[in-house]
Amino acid sequence: MKKREERYRQLFDADISGFYVVSPDGIIITCNHVFATTLGYSDSEQATCNNIVSHYKDPQLRSKLLKKLNEKKTIKYLELDFIKCDGSPIQVTLNAIGQFDKQDKLLEIQGYLMDLTERKSLEKQLFHAQKMEAIGTMAGAIAHDFNNLLMAIMGNISLLLLDKNKNDEEWKTLANIDSYARSGSELIKQLLGLARGGKYEIKRLNINTLIEQNTEMFARTHKEIRMKTSLSPDLWEVEADANQIKQVFYNLYANAAQAMESRGELLICSQNITIGEIDTLKSKTLQPGRFIKITIRDSGTGIDEAIIDQIFDPFFTTREEGKGTGLGLASAYGIIVNHKGHIDVKSRIGEGSEFIILLPAAPPLSLNHDNNLPDKQNGEYPLDSPAPDKTPLDSPAPDKTPLGSPAPDKTPLGSPAPDKALPLPLKILLVDDEEMIIETVSTLLEYIGCDVITADNGEDAIEMYQKEHATIDLVILDMMMPDMGGGEIFINMKKINPDIKAILSTGYSSNGQAADILKNGCSGLITKPFDIAQLSQKINEVLGNI
């Protein structure tokens, strides 16, 4: 009998579920170790004689459950919000069986309890990730179309402004239109933060440098906020799109400024951390490994617990109508997740908020060091290093100088006056499936002194390049086109001419496509919308003239 009792006790305590027996008024009569530790007790002995009602988040729910148990005799798979001994919340599923006497009076309740907290957290993360992916797919498509429209507007406006005197009323009107279009472009950048895989140029970066740049810039326009930094001097590098990471910082700084009502202290910290297998179980977006951790802490009003799960949702905002888009934090979330990172927030009303960002560290450069060659990773050289037999794009070609003005009375907007102009005209092949982009960019190119030939699809572009590549100085390729995209077109053209000079033009980069094309040897990237000054500068960069 004694051995049987011992065996029963071992099975009782070894059960992965929390077994319990409680009295009708809630006193814990007996329980196993799992039940006790789930509720925050050190062992079953400590849990015994406590009242289970104290663990209900809503104690009034207990009387409703007793009523149901008296009617149904059993309760199955009921999900409840409980509170542990230390006050922390947990979610549980409860099974209960009532033990009744002959007069149908409830004597005790037996059952099982299981902790669902971790599973519910992962389900919430998965649901949020799926929701953001769906929104991101839509955002990418919208951003692509809007950028094409803004490209046509800004390109033509930049031309009209060149021909007007700044004192003219027409110049002021055009400048206003240009300003509004640029505001639209900034909004699209926020929208692109949501887009799945919307990264452009991935390079090895020191995040401390970006933090210092952004902090200094933000401090200039928010002098009433005390900006402080605590940055690790030996911070690991990351592989990231610098402009998008800067956007994340700006969005979080702006959110903090609003929370502090433009007064208070903002602290930005960076450090190296290593995350193990156990830590990654708490997140669907992380893999074990080396990460850098960025913490942005403000002294603002804090975030209400009731809405904290919504703050990364697109278009969710606590600002007054017309005072914000609700895209800032959603965009930051999208960008960090697209970089295989993680972003979270901790906050309490009256105590400020703390945003935590984790980004995967880049592989150490020393792993594949070979003489003086750039370090090679997975068969590729680091994105910010030239291949050993190639000249860096920003190194001037020995016999070429910056692109100059095609006509004596016209200078590209915003371009520095060159010491010596290239022999003009340059011959440029422009490839884009949108007629309005072909028309706009052709006009810009002709204005700065280029001969332009065009193709609106990949097949025609490759055929044209096959015939005329010897006389074509540069190709400008749209990345997203039906049938054949810019990446495939570039690869085919490179087979024809390994020394091809090409600029990738895009309003949206899906799944890191732009970065892949640049890794394959494409000379440069220009993001839509752009104006005549930006186009002129990019051509000079790619042809090695500045």
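What follows draws every value from the coordinates through simple rules; no lab data is involved. These figures come from a predicted structure and were not determined experimentally. Heads up, the Cβs are rebuilt from the backbone with ideal geometry, glycines too, and the neighbour counts pull from every protein chain shown.
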Check your understanding: Given labels modelled 7 Å from the Cα in the Cβ direction, how far is it in nm from N95 to S63?
Key -> 3.0
Practice item. Go through 523-534, 102-113 and give me the packing order, highest mean Cβ count within 10 Å leading. Key: 523-534, 102-113
Point to revise | J(HN,Hα) series, the range 287-295, from Karplus relation 6.51 cos²θ - 1.76 cosθ + 1.60, nearest Hz, glycine and proline x | key: 10, x, x, 8, 9, 9, 10, 10, 10
Check your understanding: Once you sort the root eigenvalues of the Cα gyration tensor of the range 199-365 as a ≥ b ≥ c, which label holds: rounded (a/c under 1.5), prolate (a/b larger than b/c) or oblate (the other case)?
Key -> prolate
Review point. Order of 499-507, 43-51 by packing, highest average Cβ count within 10 Å first?
Key: 499-507, 43-51
Review point. If you add up the charges near T295, with Lys and Arg at +1 and Asp and Glu at -1, over every other residue whose beta carbon is less than 13 angstrom from its beta carbon, what do you get?
Key: +1
**Study point:** Virtual spin-label span in nm between K102 and N457, 7 Å along Cα→Cβ
**Key:** 9.1
Check your understanding: Once a ≥ b ≥ c are taken as the square roots of the eigenvalues of the Cα gyration tensor of the range 2-115, is the result rounded (a/c under 1.5), prolate (a/b larger than b/c) or oblate (a/b not larger than b/c)?
Key -> oblate
Study note, to complete from the structure: Residue-ordered couplings for the range 102-117, obtained by feeding phi - 60° into the Karplus form 6.51 cos²θ - 1.76 cosθ + 1.60 and rounding to whole Hz (Gly and Pro as x), are 5, 8, 6, 8, 5, 9, 7, 10, 10, x, 10, 10, 10, 7, 9, 4
Exercise for review: Considering the options Y77, G18, G98, tell which one lies farthest towards the positive end of the dipole of the range 2-115, charges being +1 on Lys and Arg and -1 on Asp and Glu at the Cβ, about the Cα centre.
Suggested key: G98
Practice item. Quick one: net charge around S347, please, counting Lys, Arg +1 and Asp, Glu -1 for every other residue with C-beta under 9 Å from its C-beta. Key: -2
Revision key, fill the gap. Beyond 30 Å (Cα-Cα) in this structure, taken from K166/K228; K189/K467; K293/K494; K57/K124; K164/K494, we find K166/K228; K189/K467; K293/K494; K164/K494
Study note, to complete from the structure: Under 5 Å from the placed amide H of F100, counting only residues 5+ away or on other chains, we find L107
Review point. Taking the mean number of other Cβ atoms within 10 Å as a proxy for protection, how do you rank 224-237, 246-259 from highest to lowest?
Key: 246-259, 224-237
